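Comments concern the structure below.
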Amino acid sequence: MKKLINRPQDVVQDALAGVALAHGDRLKVHTAPDYIVRADAPLRGKVAIVSGGGSGHEPLHGGFVGRGMLDAACPGQIFTSPTPDQVLAATRAVDGGAGVLLIVKNYTGDVMNFEMAADLARDEGIVVESVVIDDDVALQDGRHTAGRRGVGATVLAEKICGAAAERRRPLAEVAELCRKVNAGARSMGVALTSCTVPMVGKPTLELGPDEIEFGVGIHGEPGRERRPAASAHDIVAALATAIVDDLPFGRGDRVLAFVNGLGGTPLLELYVVYNELHTLLASRGIVIARNLVGSYMTALDMAGCSITLLRLDDELAALWDAPVVTTGLRWGA
Amino acid sequence: MTAADQGTGPGDGSGARREAITRGDVVAWMRAFAAAVARDRDHLTELDAAIGDADHGINMERGMQAVLGRLDALDALGELAGGGVGELLKTVGMTLVSSVGGAAGPLYGTLLLQMGSAAGQASELTLSDWASALAAGVSGAQARGKAELADKTMIDALVPAAEALQAGAASGLSLAEALRQSAAAAQRGMEATVPLVARKGRASYLGERSAGHQDPGATSSWLLLHAAATALPAGLAP
Ligand SMILES: Nc1ncnc2c1ncn2[C@@H]1O[C@H](COP(=O)(O)OP(=O)(O)OP(=O)(O)O)[C@@H](O)[C@H]1O
Ligand SMILES: [Mg+2]
């Protein structure tokens with residue numbers, strides 16, 4: 001294993017120390033329990049938004065803390081959900097009296113830890129709403145699984161809800177908006193190589209040199225099926241078709257298209273993917289009205305990408321365009 | 001009793017067999033579990049790499065190291081021996097909740113917290129009190145994760161272990177023998193997860209492909225109950 005790290009067990013702490021030093025003007029990094037919070041929190045009368053999850057997905061979530069997006073993020077250990085005391089401490093730190101929205105990705109660990117934290121916060125009299133994101137079409141929803149994973153739609157929900165909260169919309173509306181984003185978004189990913197978890201020291205997924213894994217999540221867990229490596233054209237066709245058919249998206253839909261790198265893929269290739277996606281959607285009469293191309297929700301050093309489509313209306317487009325000032329996303333301000 | 005000759009603990013100075021569980025026994029249990037988790041860390045992580053995300057051994061080791069640290073801190077303050085069994089179980093549960101993360105943190109945390117609530121203020125628990133406490137803890141974990149038997153989770157090891165312990169208590173087995181049967185039931189439950197298709201947790205994402213692998217959480221649960229069988233009957237003197 002070659003990585004720019006010291007002791008594997010210290011990676012998260014060492015990185016948080018780096019974040020604190022690099023962005024101390026705008027962020028406060030608390031340790032034990034770990035959370036990253038806007039330096040100007042709490043904001044009186046503004047709904048606060050807290051998210052979090054395992055580390056290894058950067059810039060998600062810490063990189064999205066700032067004006068127009070998250071008020072706080074709770075980084076867990078690598079690929080491991082944060083603990084309830086982290087989420088509780090972050091919730092207390094950002095509550096400005098208008099309530100707190102917890103944005104939770106649908107993984108068993110995240111759901112249970114955030115649920116325990118929400119219970120504890122409510123016991124303290126903080127008004128809390130939780131919304132669970134589950135946009136991954138690689139998995140069938142149903143009683144016989146833990147349900148669909150939360151992937152790319154999380155970034156979009158954090159941005160859009162953050163903008164709504166900045167406009168002082170009340171908690172119930174911000175939570176409803178979050179559910180609307182989740183309901184209108186679908187994603188799927190493909191891995192070209194595995195990631196390597198520092199504490200494990202070897203690749204999680206055994207992929208041959210000419211194999212790719214379709215329908216992967218963001219933790220190196222096996223996906224839906226293994227296939228021979230293929231051209232960007234064919235890979236995008238497979239991903240986009242699964243996504244479009246699932247919602248389904250149809251002729252005349254305006255969408256936000258999010259091409260996300262999984263950590264080990266150059267931006268150059270992500271634009272190749274975007275080009276293919278644009279062509280394919282155009283042929284189906286789907287209009288890309290907004291886009292985001294880059295590595296925003298990663299799986300450590302995994303090569304590959306995910307595609308997320310979100311059906312837009314004027315409200316969502318306007319909130320997407322609203323100013324945002326974070327280390328991960330920044331425009332309009 | 002057939003097991004009487006094996007039941008005398010090293011800390012039991014009188015040489016007579018103790019049939020009650022004290023705080024000292026809980027400490028010995030947690031130390032034995034921590035040692036087992038440290039020893040089998042890589043195995044647990046490999047099982048999780050096959051059907052999950054390769055962190056279960058790491059999560060459990062981090063949690064049990066935190067528990068050991070907490071026990072040592074209590075010891076340094078002279079607070080390890082005094083007080084109720086329930087309170088100590090709750091301390092362990094809180095420590096797990098705040099250090100493990102993942103699915104295992106809330107589940108093992110809830111197990112120990114609910115065991116602690118059921119154990120109450122008593123400074124010693126009989127086998128049947130202990131069996132009821134374990135059953136309460138297991139129901140707590142089941143309620144938290146909403147898993148049913150045969151969903152291929154830790155519940156598949158925990159439920160039969162709790163049932164075997166209650167059956168052992170009801171039929172008048174010695175503490176040592178009842179704990180052994182409980183651990184054996186956990187082991188069978190763990191082994192029975194191999195052919196199952198997972199319906200909860202990360203492994204459920206694999207569907208049919210999860211069959212043929214032993215569940216990592218059921219494996220750590222067997223370690224927990226195996227540690228109880230080795231440590232509790234031979235626990236520290238109160
Ligand atoms: N709903 C559930 N109920 C009971 N046990 C569960 C449930 N979901 C998962 N488990 C158990 O948890 C074990 C996995 O624990 P682990 O520490 O690896 O957490 P994780 O699922 O990786 O969490 P995270 O997704 O946050 O990383 C599984 O092997 C299974 O026994
Ligand atoms: Mg795991």
Query - Solution diffusion estimate, µm²/s, Stokes-Einstein, chain B, Kirkwood Rh from C-alpha pairs, 37 °C, viscosity 0.692 mPa s - result: 187 µm²/s
Query raised in the report: How far, in degrees from 0 to 90, does helix B:127-145 lean away from the longest principal axis of the Cα atoms of chain B, to the nearest 10?
Result: 30 degrees
Query raised in the report: Dipole of chain B (Lys/Arg Cβ +1, Asp/Glu Cβ -1, origin at the Cα centre): which of B:185, B:159, B:139 lies farthest to the positive side?
Result: B:139
Query raised in the report: What list of ³J(HN,Hα) values in whole Hz, one per residue of region A:174-190 in order, does the Karplus curve 6.51 cos²θ - 1.76 cosθ + 1.60 (θ = phi - 60°) give from phi, with Gly and Pro shown as x?
Result: 5, 5, 5, 4, 4, 5, 5, 4, 4, 5, x, 10, 9, 9, 7, x, 9
Query raised in the report: Among rounded, prolate and oblate, which fits region A:1-150 when a ≥ b ≥ c are the square roots of the eigenvalues of its C-alpha gyration tensor, a/c under 1.5 means rounded, and a/b larger than b/c means prolate?
Result: oblate
Report summary line: Charge dipole of chain B built from unit charges on the beta carbon (Lys, Arg +1; Asp, Glu -1), centred at mean Cα; most positive-end Cα among B:44, B:172, B:226 is B:44
**Report entry** Fraction of beta bridges assigned by DSSP in the protein assembly as shown that are antiparallel (%, nearest 5)
**Finding:** 55 percent
**Report entry** chain B: angle of helix B:23-39 to the longest principal axis, Cα-based, in degrees nearest 10
**Finding:** 30 degrees
**Report entry** Computed helical MRE - 222 nm, the protein assembly as shown, DSSP H runs ≥ 4 contributing -39500 (n - 2.57), nearest 500
**Finding:** -14500 deg cm²/dmol
Report summary line: Accessible-area loss of at least 50 Å² (1.4 Å probe, chain alone to full protein assembly) applies in region B:48-94 to B:53, B:58
Query raised in the report: To the nearest 20 debye, what charge dipole does chain A have about its Cα centre, counting +1 at the Cβ of each Lys and Arg and -1 at the Cβ of each Asp and Glu?
Result: 520 debye
Query - Listed residues B:128, B:139, B:171, most fluctuating in chain B (Gaussian network, C-alpha, under 10 Å) - result: B:171
Report task. Report, in degrees rounded to the nearest 10, the 0 to 90 angle that the Cα long axis of helix B:216-231 makes with the longest principal axis of chain B. Result -> 10 degrees
Report summary line: With the 8 Å Cα cutoff and a minimum separation of six or more residues, region A:185-324 has a relative contact order in percent of 32 percent
**Report entry** Point-charge dipole on Cβ atoms (K/R +1, D/E -1) for region A:185-324, about Cα centre, debye to 20
**Finding:** 120 debye
**Report entry** Buried area at the A-B interface (accessible, heavy atoms, 1.4 Å probe, summed, Å²)
**Finding:** 2600 Å²
**Report entry** Shape category assigned to region A:162-261 from the gyration tensor of Cα positions, a/c cut at 1.5
**Finding:** oblate
**Report entry** Dipole of the protein assembly as shown [Lys/Arg +1, Asp/Glu -1 at C-beta], most positive-end residue of A:308, B:204, B:120
**Finding:** A:308
Query raised in the report: How many percent of Cα pairs in region A:266-333 exceed 18 Å?
Result: 51 percent
**Report entry** Cα pair count fraction exceeding 27 Å, expressed as % - region B:102-230
**Finding:** 16 percent
Requested in this report: Classify chain A as rounded, prolate or oblate, taking a ≥ b ≥ c as the square roots of the eigenvalues of its Cα gyration tensor: rounded when a/c is under 1.5, otherwise prolate if a/b is larger than b/c and oblate if not.
Outcome: oblate
Query raised in the report: What size of dipole, in debye to the nearest 20, comes out for region B:21-231 about its Cα centre when the only charges are +1 on Lys and Arg C-beta atoms and -1 on Asp and Glu C-beta atoms?
Result: 260 debye
Query raised in the report: Using a 1.4 Å probe on the protein chains only, how many percent of the accessible area of the protein assembly as shown belongs to carbon and sulfur?
Result: 54 percent
Report task. Kindly flag which residue pairs out of A:105/A:159; A:46/A:159; A:159/B:200; A:202/B:146 have an alpha-carbon separation exceeding 23 Å in this structure. Result -> A:159/B:200; A:202/B:146
Query raised in the report: Looking only at B:206, B:71, B:179, which one moves most when chain B is put into a Gaussian network model with springs between Cα atoms under 10 Å?
Result: B:206
Report summary line: With every protein chain kept in place and a 1.4 Å probe, the protein assembly as shown has an accessible area per residue in Å² of 37 Å²
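The values are calculated or read from the model by the stated rules, or taken from the named source; none is laboratory data. Computed from a prediction, not measured in an experiment: that's the story for all the values here. Using ideal geometry, Cβ is built from the backbone for each residue, glycine included, and neighbour counts are taken over all protein chains shown. What goes into the accessible areas is simple: the full protein's heavy atoms, side chains included, and nothing from ligands, DNA or RNA. Shrake-Rupley method; radii C 1.70, N 1.55, O 1.52, S 1.80 Å.
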